[in-house]
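Let me begin by presenting the structure, written as structure tokens, before commenting on it.
The values are calculated or read from the model by the stated rules, or taken from the named source; none is laboratory data. Just so we're clear, the structure is a prediction, and the values are computed from it rather than from any experiment. Backbone-built Cβ (ideal geometry, glycine too); neighbour counts: all protein chains shown. Please note that ligands, DNA and RNA were not included when accessible areas were found on the heavy atoms of the full protein model with its side chains. Shrake-Rupley method; radii C 1.70, N 1.55, O 1.52, S 1.80 Å.
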Amino acid sequence: MLASSRSVLCDRYELGPVIGRGGMAEVRTAHDRRLRRTVAVKCFDPAAWATPHGRARFEVEARAGAAVSHPNVVTVYDVGVDVGMPFIVMERLSGRTFADELERGPAPVERVLDVMRALLDAVAAAHARGVLHRDLKPANVLLTDDDTPKLSDFGIAMSGDVTRGLTQTGLVLGTPAYLAPERVEGKPATARSDLYSIGVMCYEALTGCRPYEGDNAVAVAYAARHGILRPVRELRADVPAELAAVVCRAMARLPDDRFATAQELAGALAAAAGSTKHVVDATSPVDVRPPTTPTRVLAVAPAPAPPARRRTRLAVLGAIAVLALLAGAVAFSHDTAGLKFPAPGPTAPSRTNATLPSGLEAPFQRLQHAVDR
């Protein structure tokens, strides 16, 4: 397309097949003759380069990409212009993006967390250098051969002295589906607007759909400002509630309601991930080995028997009670033998000197003697 008539740039980079295309540039694999390695070369449209806006965009991407050195940011090796065609030389990756991965559907929760951690590390490094990406989306997250994510395409990044050509146009730059509501209204980009875009990416990766849809960019922007966001767990029940809450806060409509920094959002994601697992403290190991000796079952000890003297006293008291009952029965039967009801008159005096019936005196005396001992 743009560089189809070129085979070599600056007598150094031998251009190969196209591995990616955008509105103003195409990316081609290339061979670096000087360092003898395979690289990726992003060739910009010469017609766009001729305009102030196109030139500013190229300068932004070249300087911002070179300024942010991080394992999760695509490394920029070189920048140049060959016969009116500007280009950026970068490390060569597989050409796959996180967007390609999401075309297969929602990603596993652990995979989403891994990608977001790496992306937030990269964004934190960029923000620390005063660089706002402003176009964070799955298509700008490249994947290495081992699926390590790397942030790319700082084409509309904002970095202090190199943004005048972009901001003076009054254009709203970025992909509508991932733009924070205040960006759509033309307000300046901030770190919180970058984090909003990451929240949208996380939502999409977990649910398989974007939070706000529309027939055109205006409809999407209106939905982001006024639409109703479907809860993450309504679309995917296995997402932990803590993680869903973090994503919702990252996508808050008001900037002040979002996370303030990439580090803060990364910490919240880590806490949400930790709350879904049982974590064992490595400093206090748990011994899960089987016991070396079999478990013994202890018999329940019987209640101690009372002393001999106490046993004797209890037996004697029991016998006395029985004899007393028998004596009472005999006396009652003796007194009531031939009982007749007298005519009404004075009440008979009560018996006070009761004696044991004949035959019970001797057993009672022996029992009394045993108790006294």
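Once both labels are positioned 7 Å from their Cα atoms along Cα-to-Cβ, the gap between ARG233 and ARG12 label points is 5.5 nm.
At a probe radius of 1.4 angstrom, the accessible area of segment 74-160 per residue rounds to 37 square angstrom. Taking all protein chains together, TYR212, TYR222 sort by accessible area into TYR222, TYR212, largest first [probe 1.4 Å]. With all protein chains kept in place, the per residue accessible area of segment 224-278 amounts to 54 square angstrom at a probe of 1.4 angstrom. Relative to the 2.2 N^0.38 Å rule of thumb, segment 71-140 has a C-alpha radius of gyration ratio of 1.35. Using a probe of 1.4 Å, the accessible surface attributed to GLU185 totals some 100 Å² when neighbouring protein chains are kept in position.
Here the accessible area is traced with a 1.4 Å probe on the protein chains. For segment 1-76, carbon and sulfur cover 50 percent of it. Globularity index of segment 7-93 is 1.03 (Cα radius of gyration / 2.2 N^0.38 Å, N = number of residues).
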